[in-house]
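Inspection log for the structure reproduced underneath, given as structure tokens.
The values are calculated or read from the model by the stated rules, or taken from the named source; none is laboratory data. These figures come from a predicted structure and were not determined experimentally. Cβ coordinates were reconstructed from backbone atoms using ideal geometry, including for glycine residues, and neighbour counts include every protein chain displayed.
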Amino acid sequence: MENKFNLTREQNIFVAKRNIVDYIWKSANLEGIKVTYPETQAIYDGGVVNGLTVNDVIAINNLKYSWQFILENEGFNYDFNVLCHLHKLTCDKLVLDQNLGKLRTILVNIGGTSWKPVFPIESQIKEELQELLNQGEKTKTEIAIEIMLWIMRQQMFIDGNKRVAMLFANKIMIDNGCGIITISQENQPTFFEKLIKFYESGDNCDLKEWIYKTSIDGIDLSSKE
């Protein structure tokens, strides 16, 4: 699985900033937050939007702060602490304080399937994350997608797992100039269908390939006039 884009970090950040509201809007919709693009833009700009719940507005602003974190910080390790920090940013004021950045301690159900994720164990999470990061034979794009899907299936947090997973993966993508993972509105039904199958089987091959083909954004700088 080759890198689709070969950008500098600065170029990748330029792409992200240019489309940041679009990425936030799509990510919010992926989590079931029914907000429109104009509403997302207004919230991002600090405006007041009628007809949305307080939690919807908080969730959009939290995504804004999370994106700012991954764009403005460079050079740290991609580790368990970063996962926990991203959860704090994305779920601030949306879950109880004692659950922010902490592994869940209750059973959770997944809509659309009877499959249930096991309880997360911190030592195991750390070990598996490092194993996924240290796959030297794979491109950063493939590693980022695999880690994103792994975080989603682990369901390690009480809420916000898809948001955390995509942000963490995009931190890897951006730092390595590989583009940005973003799932369009029209592709979201297919994504959820394939995600449920992945949850049940643990086999990420089909979903990983589909994301690679349909859901990586960037700019091609290889062509010359």
Residue list for the range 1-60, restricted to those being of a type in the set (Val, Ile, Thr), part of a helix (DSSP H, G or I) and either farther than 29 Å from residue 209 by Cβ or touching a Phe, Trp or Tyr at 6+ places or on another chain (Cβ under 9 Å) (or both): 15, 20, 21, 24, 40, 43, 54, 57, 58, 60
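Residues 147, 121: which one is modelled with pLDDT of 95 or more, out of contact with any His (no Cβ under 8 Å at 6 or more places or on another chain), under 25 Å from residue 94 (Cα atoms) and surrounded by fewer than 16 Cβ atoms within 10 Å (Cβ to Cβ)?
Matching residue, one of 147, 121: 121.
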Answer from 74, 31, 39 - the residue that is among the charged types (D, E, K, R) and farther than 24 Å from residue 186 by Cα: 74
Close pairs (9 angstrom Cβ cut-off, 6 or more residues apart or separate chains): farther than 21 Å from residue 170 by Cβ and free of Cβ contacts under 8 Å to residues at least 40 places away in the same chain in the range 114-142, part of a loop (DSSP other than H, G, I, E, B) and among the aromatic types (Phe, Trp, Tyr) anywhere: 120/157
Unmet criterion (only one of (1) among the aromatic types (Phe, Trp, Tyr); (2) surrounded by fewer than 17 Cβ atoms within 10 Å (Cβ to Cβ); (3) over 30 Å from residue 206 (Cα atoms); (4) touching a residue at least 12 places away in the same chain (Cβ under 8 Å)) for residue 37: (3)
The range 135-144: number of residues that are modelled with pLDDT of 95 or more and surrounded by fewer than 20 Cβ atoms within 10 Å (Cβ to Cβ): 4
